[in-house]
1. Suppose every K and R has +1 on its Cβ and every D and E has -1 on its Cβ; what is the size of the dipole of the chain about the Cα centre, in Debye to the nearest 20?
2. So what is the 222 nm mean residue ellipticity for the chain from helices alone, if each DSSP H run of at least 4 adds -39500 (n - 2.57) and you divide by all residues, rounding to the nearest 500 deg cm²/dmol?
3. Less than 12 Å Cβ to Cβ from L309, Lys/Arg counted +1 and Asp/Glu -1: what total charge do the surrounding residues give?
4. Quick one: compute the contact order of the chain, relative version, from alpha carbon pairs under 8 angstrom and 6+ residues apart, as a percent.
5. Return the Rg/Rh ratio of segment 6-94 with Cα-based radii and a Kirkwood Rh.
6. Principal axis extents for segment 161-317, Cα atoms only, whole Å, descending order, please.
7. Can you give me the pair-distance distribution of segment 51-113, C-alpha pairs, 10 Å bins, whole percents?
8. For the pair A233 and S60, how long in nm is the line joining their label points, each one 7 Å along Cα→Cβ?
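The values are calculated or read from the model by the stated rules, or taken from the named source; none is laboratory data. These numbers come from a predicted model, not from an experiment. All Cβ positions, glycine included, derive from the backbone under ideal geometry; neighbour counts span all protein chains shown. Heavy atoms of the whole protein, side chains included, go into the accessibility calculation; ligands, DNA and RNA do not. Shrake-Rupley method; radii C 1.70, N 1.55, O 1.52, S 1.80 Å.
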Amino acid sequence: MTRKRIGFLSFGHYSRQPGSQTRTAGEALTQTIELAEGAEALGLDGAFVRVHHFARQAASPFPLLAAMGARTSRIELGTGVIDMRYENPLAMAENAAAADLISAGRLQLGVSRGSPEPALKGSEAFGHTPQAGETDADLARRHTAAFREAIAGATVVDGDPAMGGFGRLAIQPQSPGLPDRIWWGAGTFETAEWAAREGMNLMSSTLLLEEKGIPFDELQAEQILRFRDAWVAAGHEREPRVSVSRSVFPIVSDEDAAYFGGQVGGGDSVGVLDGATSRFGRTYAGEPDVVAQQLSQDAAVRLADTLLLTIPNQLGVAYNLHLLGAIAEHVAPAIGWTPGGAPAPAAR
């Protein structure tokens, strides 16, 4: 049986609003590094960050991932997700390989089309415009294909003999194993099946642009099963990985109750996103034994090998480590998790 991995997912918010313990971008970055160190000490398996542009959130992941890699030794480091419309594929390939080498092969990079954002045509401000007939999703997939080819060692430019370059050249550095650690953030059944055919791991979205009148976890479980069926049909040799994200708040103190008591007993929500009816998952909040039982019955959590815990990062490092510690102690064992960390990367 595959070992269940658990990590945190931080949006990297910062603001000067009352109560925020993360007031500046610098604090958001340094606190994320400290959270990765603390999560590793707790025995958790992953430290993941969201990526958003034109917002007071984490935006440029690779300097942060490299710093996290330099300050930790075991925990996986990842993104959930990088909006590929914004990326220069070859520059990203260099940055990703460098960060992966610093961490000794611990990067798990989630990429995708990205989520709705405050900027109008934000990727065009970065110099990336869809070609004639392309959608934003097409642009993201084109950039992803070029990035994946580059990290796999594809040659991309002619060498200049006058400067000692001969034949075709690939980007440098290269980090062996990184191509198998790319995940696609999928918000529909179709994109999950496409990711499987392409040979990428599945990072199932916190919302699904599907609505069938069934609970979110069952809808997400169907997406995961479709992904795995498509993976087998595509004939890939390795086993894919699948992650889901959940908001989990065991209430073990008065402070927990003040923050999350109002979310006890909540269910899924349904809304409209990008013109499609979408279903959003519930928050698990309450007494630890109740939360543990509820999470153990979550159909998608049961199917996934990786659970990412969305954290309220603006409540500060100390509180978030308290929260992660409470989950590790009281909740995570109910889904088959044991502390100790992910297997070490294969020797190079």
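1. On the way: 29 positive and 40 negative charges, 84 e Å.
With only Lys, Arg, Asp and Glu charged at Cβ, the dipole is about 400 debye.
2. Result for the chain, helices only: -10500 deg cm²/dmol.
3. Details: positive: R5, R246; negative: D45.
Residues close to L309 contribute a combined charge of +1.
4. Averaging sequence separation for qualifying contacts and normalising by length gives 20 percent for the chain.
5. A ratio of 0.98.
6. 70, 38, 32
7. 22, 56, 21, 1
8. It works out to 4.3 nm between the two label points.
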